[in-house]
């Protein structure tokens, strides 16, 4: 089925569909988390105003930028940690046992 | 397959089963959210008593009524918002981009 | 298919696979809850130190032991409750209606 | 529920609903454990539950179940009212 | 999206993505209801929403949607930047 | 795990378990990011992380991983004890 494949077999259509679905799910989850976390940091929840004011808008933009940075930072740190524990996939952070 | 169908095809049995399942899931989720939110509003969590007292019971009933009202209100507001942005399904609230 | 079965049919391979998967999912969820709850109780989130100190470590161990005890306790209490309401599976705690 | 299902489909539906109920039950159980643990357990000088903590857990479970039960009733009433309203010709 | 799918597979994918969008939308809706309820409703001397509460809910929904919209834009920019970076030869 | 599965079923099971581990890992990763972000980031006068924030994130990740590791051990001990108890004839 993958006689022109380089190294590993081409994903089947079902796998491609599952991958797109999974990608959308991850995006939606990340958007939810971003909204929850940055709302907490930037927008007071007394709702005396219905519009985002200038300060809140700027805070949200910066909050988003920092959130993406923390993502990157944490994934780097976890890779280092995994390697320093003697290689292997994510060892020590899993279910243990 | 739906030669007697009116306008759109009849749902298949698999679709009916999936719809009932989905409905149950939504109900369970709403019940969870209702319980979480109204517990926070009405019942102090020091648990000096094991029974709901009169005040707590009345508070829970009113909390539930208001929760259902907020549901309705929010769905109306979101429809208005979607329409005022120039029609289309839920535009602007989705994943953006 | 289960002519040697005692009482009930042997689970099929698909059912065995689903059961192992389900078990792993429950374990992962419990681990998540344990971590969330015991972090809140034992580890301040100012992160002036990167290492768990002695006091925090001991607190986590005791927190875990108590968490497992509460699990057991709650399941006993729910069984009693279900029985005292006149038998039947978990009656009165479900979705009601 | 009559939805024009065959006997086999009816069994399939019942099996799935049972799994769903099991899942819902497990979810409620986990929420109960977490809530009562967080509310009642605060002493980490020992690894076994104190009498005070055990009593608190008991009252917490009892009260939470009463609460869940009461809200289930309100929820069921609401759903009934909603479906009647939907069927009414205006 | 061209992923070398047949027409039937393309339809299958679209159906699944629609379901996903529906799910995401329901999730956002639930979060919005819960957040605005917790932030705005505090008076349990009556079973109907007060004028103050209704106004607060309105502003809360408006503001949350503006916020979600703004963060969606930042998120989309970030994703675009990431995928450009991934394609760049170094 | 010997459950009387054929080789093909064994492969199917392994594939599924790998997906599950991936999911669990993603969940832990997300929780870690959210927790450390909320705990460490508080200055929104700039759009890049300060030295103080970066240091805090580092310590937070390190400490959370140590904690997760420690609780995994306790959890594994508990599960072992439980399954031994279940096998003992009374």
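Matching residues to (1) assigned to a helix (DSSP H, G or I); (2) within 13 Å of the chain's Cα centre (by Cα):
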position: F:9; (1), (2): yes, no
position: F:23; (1), (2): yes, yes
position: F:31; (1), (2): yes, yes
position: F:45; (1), (2): no, no
position: F:52; (1), (2): yes, no
position: F:66; (1), (2): yes, yes
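Apart from one condition, residue D:45 fits all of (1) more than 7 Å from every other protein chain (Cβ to nearest Cβ); (2) farther than 26 Å from residue B:21 by Cβ; (3) surrounded by 15 or more Cβ atoms within 10 Å (Cβ to Cβ); the exception is (3). When C:18, C:14 are checked against the criterion of being surrounded by 15 or more Cβ atoms within 10 Å (Cβ to Cβ), more than 7 Å from every other protein chain (Cβ to nearest Cβ) and modelled with pLDDT under 90, a single residue qualifies: C:18. The numbered conditions (1) in a helix (DSSP H, G or I); (2) within 7 Å of another protein chain (Cβ to nearest Cβ); (3) at pLDDT below 95 are all true for residue B:64 except (3). The residues in segment D:55-90 that are facing chain C (nearest Cβ under 7 Å) and more than 20 Å from residue B:68 (Cα to Cα) can be counted, and the count is 4.
Restricting A:89, A:50, A:96 to residues that are within 9 Å of another protein chain (Cβ to nearest Cβ), at pLDDT below 85, surrounded by 14 or more Cβ atoms within 10 Å (Cβ to Cβ) and assigned to a loop (DSSP other than H, G, I, E, B) narrows the list to A:96. Every condition in (1) in a loop (DSSP other than H, G, I, E, B); (2) under 25 Å from residue B:58 (Cα atoms) is met by residue D:70 except one, and the failing one is (1). Among the residues of segment C:21-47, write down those that are in a helix (DSSP H, G or I) and either in contact with a strand residue (DSSP E or B) (Cβ under 9 Å, 6 or more places away or on another chain) or at the interface with chain F (Cβ under 7 Å from one of its Cβ atoms) (or both). C:21, C:24, C:25, C:28, C:31, C:32, C:34, C:35, C:38, C:39 - these are the residues of segment C:21-47 that are in a helix (DSSP H, G or I) and either in contact with a strand residue (DSSP E or B) (Cβ under 9 Å, 6 or more places away or on another chain) or at the interface with chain F (Cβ under 7 Å from one of its Cβ atoms) (or both). On the stretch given as segment E:17-40, residues that are more than 9 Å from chain A (Cβ to nearest Cβ) and either crowded, with 16+ Cβ neighbours inside 10 Å or touching a helix residue (DSSP H, G or I) at 6+ places or on another chain (Cβ under 6 Å) (or both) total 7.
The values are calculated or read from the model by the stated rules, or taken from the named source; none is laboratory data. Computed from a predicted model, the values in this text were never measured in an experiment. Glycine also receives a Cβ, built like all others from the backbone with ideal geometry; neighbour counts cover every protein chain displayed.
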